[in-house]
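Asker: The following block contains the structure, expressed as structure tokens.
The values are calculated or read from the model by the stated rules, or taken from the named source; none is laboratory data. Keep in mind that this is a model prediction, so the values were computed, not measured. Neighbour counts run over all protein chains shown; Cβ positions are idealised from the backbone, glycine included. In case anyone asks, the SASA skips ligands and DNA or RNA and just uses the protein heavy atoms, side chains included. Shrake-Rupley method; radii C 1.70, N 1.55, O 1.52, S 1.80 Å.
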Amino acid sequence: MNTPFPPPPSGPVPYPAEKSIVLLTDMLRIRRMEEKCAELYGAGRIRGFLHLYIGEEAVATGAMHALKPGDNVVATYREHGHALLKGVSMQRIMAEMFGKIDGCSRGRGGSMHLFDAATHFFGGNAIVGGGLPLAVGFGLAAKMRGEDRLTACFFGDGAVAEGAFHESLNLAALWNLPVVFLCENNFYAMGTAIERSQSQPDLCVKAAAYGVEAFAVDGMDVVEVHEAAKRARDHALASGPVFVEFRTYRFRAHSMFDPELYRDKAEVEKWKTRGPIHTFSARLKAQGDLTEERFMEIDAEVAREVERAVAFAEAAGWEPVENLATQVYAP
Ligand SMILES: Cc1ncc(C[n+]2csc(CCOP(=O)(O)OP(=O)(O)O)c2C)c(N)n1
């Protein structure tokens, strides 16, 4: 497939060094946490499905930093980073991966169903497009209650081909809801390239058809993502829903079971040159806001956070078997 391939993000970063370091650190936290998850999966410590976000970290990071703590977030099964940056602790995320009772979904959800009402992180959804109607419901609730609260809904390009996308955008626009639709377009839905499944591969055209404000930005550039998400938040709260397409790329397979026969290794390697962590670090170094030593220190601190999370998950307990029939529809 011919994915659009602009030059790697470059140029000045328009933030104070302190803010840039937070953005960089958060991208690293997602990356290192997930690399550890992949390792633990290989070791049989984490089981079930596991979809890694590696390569796409600029999207969750730039967007989440544009949100307020009371804003709602709805995400997909590739949501570890979103949960982490919304404020769910890495320890509770890791315990959930292990299926332990101290996990954020009490070990019942696993990787695809991270959930934490206290931080307004409402999943984690295994169904493609499943989060979209939920986000519209949250938006409607906020509007009816007169709350100054945004709902941010993350989903992939595959979801744009689902009926739920069209129903959701229609109602969000009709009712003028404070919802931001954040499409993580990594150009593949599992093994299917976007041009093989969507009659209109310009996804903004589809969103705009519902009267929703729509624009696309470089999802590999945390600065572009952050600025776009701030704009989208302001617009959605003032005048109704917004669709933002983040053009991004996943560096790993769709899930741990994917042999990746549908794309060339050369394409993946080419996209890695646009990697959000190293291009952002290089820009910060070029303007004197980061040194290699500082980068290594940050990385080491992140590694310690990951180790603490794994130790917490290892030590956490299992749900007692007597609870087997609680919190289920048909005990
Ligand atoms: C309704 C539904 N259909 C099919 C699937 C199987 N499935 C799981 S992930 C996936 C691809 C989704 O791709 P995309 O929305 O682009 O997200 P990405 O995995 O690229 O982040 C499919 C088809 C599903 N989980 N739910």
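Asker: What is the residue count in region 103-120 for residues that are surrounded by 24 or more Cβ atoms within 10 Å (Cβ to Cβ) and either assigned to a helix (DSSP H, G or I) or more than 16 Å from the ligand (Cβ to nearest atom) (or both)?
Answerer: Total satisfying the criteria: 3.
Asker: Let me ask you something else. Does at least one position in region 238-245 carry a residue that is at negative phi, among the hydroxyl-bearing types (Ser, Thr, Tyr), open to solvent by 40 Å² or more (accessible area, probe 1.4 Å) and away from the ligand (no atom under 11 Å from the Cβ)?
Answerer: Yes, there is a match, as at least one residue in region 238-245 is at negative phi, among the hydroxyl-bearing types (Ser, Thr, Tyr), open to solvent by 40 Å² or more (accessible area, probe 1.4 Å) and away from the ligand (no atom under 11 Å from the Cβ).
Asker: Looking at Ile127 and the list (1) open to solvent by less than 60 Å² (accessible area, probe 1.4 Å); (2) within 16 Å of the ligand (Cβ to nearest atom), which single condition is not satisfied?
Answerer: Unmet for Ile127, out of (1) open to solvent by less than 60 Å² (accessible area, probe 1.4 Å); (2) within 16 Å of the ligand (Cβ to nearest atom): (1).
Asker: Continuing with this model, one more query. Give region 149-208 a look and list any residue that's away from the ligand (no atom under 16 Å from the Cβ), assigned to a loop (DSSP other than H, G, I, E, B) and closer than 22 Å to Met64 by Cα, or say none.
Answerer: Arg149, Leu150, Leu177, Pro178 - these are the residues of region 149-208 that are away from the ligand (no atom under 16 Å from the Cβ), assigned to a loop (DSSP other than H, G, I, E, B) and closer than 22 Å to Met64 by Cα.
Asker: Right, another one. Would a scan of region 67-77 turn up a residue that is in contact (Cβ under 8 Å) with a residue 40 or more places away in the chain and over 28 Å from Asp148 (Cβ atoms)?
Answerer: yes
Asker: Now a separate question. Counting only residues that are of a type outside the set (A, V, I, L, M, F, W, C) and under 9 Å from the mean Cα position of the chain (by Cα), which one in region 47-68 is nearest to Gly109 (Cα to Cα)?
Answerer: That would be Tyr53.
Asker: Let me ask you something else. Under 6 Å between Cβ atoms, which residue pairs at least 6 apart in sequence (or on different chains) link something in region 211-222 that is touching a residue at least 24 places away in the same chain (Cβ under 8 Å) with a partner that is basic (Lys, Arg) and assigned to a loop (DSSP other than H, G, I, E, B)?
Answerer: Met220/Arg274
Asker: Return the residue satisfying two criteria in turn: it lies in region 259-282 and is of a type in the set (Val, Ile, Thr) and open to solvent by less than 50 Å² (accessible area, probe 1.4 Å), and of such residues it is farthest from Val302 (Cα to Cα).
Answerer: This residue is Val268.
Asker: Hey, can you tell me all the residues within region 190-220 that are under 21 Å from the mean Cα position of the chain (by Cα), open to solvent by less than 70 Å² (accessible area, probe 1.4 Å) and more than 15 Å from Phe246 (Cα to Cα)?
Answerer: Gly191, Thr192, Ala193
Asker: Okay, next question. Please go through region 240-256 and give me each residue that is over 17 Å from Ala159 (Cβ atoms) and in contact with a strand residue (DSSP E or B) (Cβ under 8 Å, 6 or more places away or on another chain), ordered by number.
Answerer: Once the filter is applied, which keeps residues that are over 17 Å from Ala159 (Cβ atoms) and in contact with a strand residue (DSSP E or B) (Cβ under 8 Å, 6 or more places away or on another chain), region 240-256 yields only Gly240.
Asker: If you don't mind, another one. Provide a single number: the residues in region 73-82 that are within 20 Å of Arg233 (Cα to Cα), within 15 Å of the ligand (Cβ to nearest atom) and touching a Cys at 6+ places or on another chain (Cβ under 9 Å).
Answerer: The total comes to 2.
Asker: Moving on to the next point. When you go through (1) open to solvent by less than 60 Å² (accessible area, probe 1.4 Å); (2) without any contact (Cβ under 8 Å) to a residue 60 or more places away in the chain; (3) not aliphatic (A, V, I, L, M) one by one for Tyr53, which number turns out not to apply?
Answerer: Every condition holds for Tyr53 apart from (2).
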